[in-house]
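The values are calculated or read from the model by the stated rules, or taken from the named source; none is laboratory data. Please read these numbers as outputs of a predicted model, since none were measured by experiment. Cβ sites come from the backbone with ideal geometry, for glycine too, and all protein chains shown count toward neighbours.
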Amino acid sequence: MFHRNLLNKLEKEVIRNNTSFIKNFKNNYEEAKLPFYAVIELFSLGMLSKFFGNLKAEDKKAIAKGNYNIGYTYFESWINSISFVRNICAHYGRLYDVKLVKQPLLYKEYKEVNNYRILAVILCMKHIIKNEMVWLTFKNDLL
């Protein structure tokens, strides 16, 4: 059921989307399906977190360890929490002093941080954002 819903959403997004890579594909390939690397570009953060959650454990491990050098249970909780916070922001919700419903798992080194507060999600983002300049820009904008 999840996969059918995901495919339906993606199909609608491909039809609706006017980005250059979609236009190029539509102009050059009749009746062809978009390759996965192109489809993933159309995923919302929520779709991405749900997609990851439905992968096999060995695939989750390969992605989390191979790309971020973390355990997949941590990574899965992180992207779920980040997606949850993103949705609060997108719908003009309040983050200050909010207890997060979707809480990230935190490393033991952060035992003093409440995982139900926004700081926990920001720490997760720090681990996921590999580019130091991107992180610093994000942090400075946040401050």
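For residues in segment 84-107 being in contact with a Leu (Cβ under 9 Å, 6 or more places away or on another chain) and not β-branched (V, I, T), which is farthest from T73 (Cα to Cα)?
That would be C89.
Scanning segment 127-143 for residues that are without any contact (Cβ under 8 Å) to a residue 24 or more places away in the chain and surrounded by 11 or more Cβ atoms within 10 Å (Cβ to Cβ) yields I129, W135, L136, T137, F138, K139. In segment 26-53, the residues that are more than 14 Å from N5 (Cβ to Cβ) form Cβ pairs under 8 Å with partners that are aromatic (F, W, Y) and surrounded by 15 or more Cβ atoms within 10 Å (Cβ to Cβ), at six or more places apart or across chains, as follows: A32/F25; L34/F25; A38/F25; F52/F75. Would you confirm whether or not segment 74-86 contains a residue that is surrounded by fewer than 16 Cβ atoms within 10 Å (Cβ to Cβ) and either farther than 25 Å from L10 by Cα or assigned by TED's automatic domain parsing to the domain that holds L6 (or both)? Scanning segment 74-86 turns up no residue that is surrounded by fewer than 16 Cβ atoms within 10 Å (Cβ to Cβ) and either farther than 25 Å from L10 by Cα or assigned by TED's automatic domain parsing to the domain that holds L6 (or both).
Residues K130, K139: which one is of a type in the set (K, R), assigned to a helix (DSSP H, G or I) and farther than 28 Å from R4 by Cα? Of the residues listed, the single one that is of a type in the set (K, R), assigned to a helix (DSSP H, G or I) and farther than 28 Å from R4 by Cα is K139.
Within segment 60-110, which residues are assigned to a loop (DSSP other than H, G, I, E, B) and among the acidic types (D, E)? Selection gives D97 alone. Just one of the listed residues (K102, K26, K111) is of a type in the set (D, E, K, R), closer than 25 Å to H127 by Cβ and surrounded by 13 or more Cβ atoms within 10 Å (Cβ to Cβ), namely K102.
Just checking, does segment 33-46 include any residue being surrounded by 12 or more Cβ atoms within 10 Å (Cβ to Cβ) and touching a His at 6+ places or on another chain (Cβ under 8 Å)? No, segment 33-46 contains no residue that is surrounded by 12 or more Cβ atoms within 10 Å (Cβ to Cβ) and touching a His at 6+ places or on another chain (Cβ under 8 Å). Would you call Y107 assigned by TED's automatic domain parsing to the domain that holds W78, touching a Phe, Trp or Tyr at 6+ places or on another chain (Cβ under 9 Å) and without any contact (Cβ under 8 Å) to a residue 60 or more places away in the chain? Considered against the rule, which asks whether it is assigned by TED's automatic domain parsing to the domain that holds W78, touching a Phe, Trp or Tyr at 6+ places or on another chain (Cβ under 9 Å) and without any contact (Cβ under 8 Å) to a residue 60 or more places away in the chain, Y107 comes out as yes. On the stretch given as segment 10-56, residues that are out of contact with any Asp or Glu (no Cβ under 6 Å at 6 or more places or on another chain), more than 18 Å from N80 (Cβ to Cβ), modelled with pLDDT of 75 or more and assigned to a helix (DSSP H, G or I) total 16.
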